Amino acid sequence: MKRVIIIVLVTCFASTIFAQGNNGRGKCMQPFGLSFYLVEGGYEDEWLDLYMKWHYPLMQYALDQGTIIEHKLFVPDGHSMEPEWTFAISFLFPERQNSVVAPLDRSELIMELFDDEMDEYVAAEKRRWQITAKHWDTDFIELDKSEEPLSVYRPSSGGCDK
């Protein structure tokens, strides 16, 4: 049993174990993230319809509340041998020292927006994830190119000097 627990913990924290710590970077900068979706071929328009009707209202709420300040939707420009992603969505957040908390958490917001249509919401989200072959999120911390020496290993002021 101990062995199973250790394997589960190592698997869960593997990305943390092998990731480079940010050493203070980004604490006074605008963080942003990208979400990537690989959608089954032929279902791209259906995925977009589902996203815009059932998920985008959650993003619009975040924009309205200021918990994110920009949301963009991208598609690749061209073709590749094997598609890596179908859609990318970017999120720009306020600088961390200016971040705010929305009045409603995610579950409260979903209940408020879709209470009368909850079965349709659930079915639509199930369908959107059914036709999503892969999904991953990546958050980024900007490196301050003016730091001397530029290093991911040295502690950083996180952009607070400016």
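Quick look at the values:
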| item | result |
| --- | --- |
| Residues within segment 33-45 that are touching a strand residue (DSSP E or B) at 6+ places or on another chain (Cβ under 6 Å) and part of a loop (DSSP other than H, G, I, E, B), tallied | 1 |
| Test: residue in segment 136-147 that is at pLDDT 90 or above and not β-branched (Val, Ile, Thr) | yes |
| MET52 free of Cβ contacts under 8 Å to residues at least 24 places away in the same chain and more than 20 Å from ASP137 (Cα to Cα) | no |
| Whichever residue in segment 111-142 is touching a Phe, Trp or Tyr at 6+ places or on another chain (Cβ under 7 Å) and within 15 Å of TYR51 (Cβ to Cβ) and, among such residues, is surrounded by the most Cβ atoms within 10 Å (Cβ to Cβ) | ARG128 |
| Set ASP144, ASP115: member being touching a residue at least 60 places away in the same chain (Cβ under 8 Å) and out of contact with any strand residue (DSSP E or B) (no Cβ under 6 Å at 6 or more places or on another chain) | ASP144 |
| Segments classed as strands (runs of 3 or more DSSP E), wholly inside segment 46-162, with at least 3 members that are under 17 Å from MET29 (Cα atoms) | 87-92, 132-140 |
| Those residues of segment 39-52 which are surrounded by 15 or more Cβ atoms within 10 Å (Cβ to Cβ) and either more than 14 Å from TRP129 (Cα to Cα) or of a type in the set (Phe, Trp, Tyr) (or both), in sequence order | TYR43, TRP47, TYR51 |
| Count - residues of segment 38-74 that are closer than 15 Å to VAL101 by Cα, among the hydroxyl-bearing types (Ser, Thr, Tyr) and over 15 Å from the mean Cα position of the chain (by Cα) | 1 |
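A quick yes/no check of all residues on (1) surrounded by 15 or more Cβ atoms within 10 Å (Cβ to Cβ); (2) over 27 Å from GLU44 (Cα atoms):
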{"site": "ASP77", "(1), (2)": "no, no"}
{"site": "GLU82", "(1), (2)": "no, no"}
{"site": "TRP85", "(1), (2)": "yes, no"}
{"site": "GLU108", "(1), (2)": "no, yes"}
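Rundown of residues vs (1) at pLDDT below 95; (2) among the hydrophobic types (A, V, I, L, M, F, W, C); (3) closer than 28 Å to SER157 by Cα, yes/no style:
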position: TYR51; (1), (2), (3): no, no, no
position: GLY78; (1), (2), (3): yes, no, no
position: PHE91; (1), (2), (3): yes, yes, yes
position: LEU109; (1), (2), (3): no, yes, no
position: ASP116; (1), (2), (3): no, no, no
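The values are calculated or read from the model by the stated rules, or taken from the named source; none is laboratory data. Keep in mind the model is a prediction, meaning the values are calculated, not measured. For neighbour counting, all protein chains shown are included, and Cβ atoms are generated from backbone atoms with ideal geometry for every residue, glycine included.
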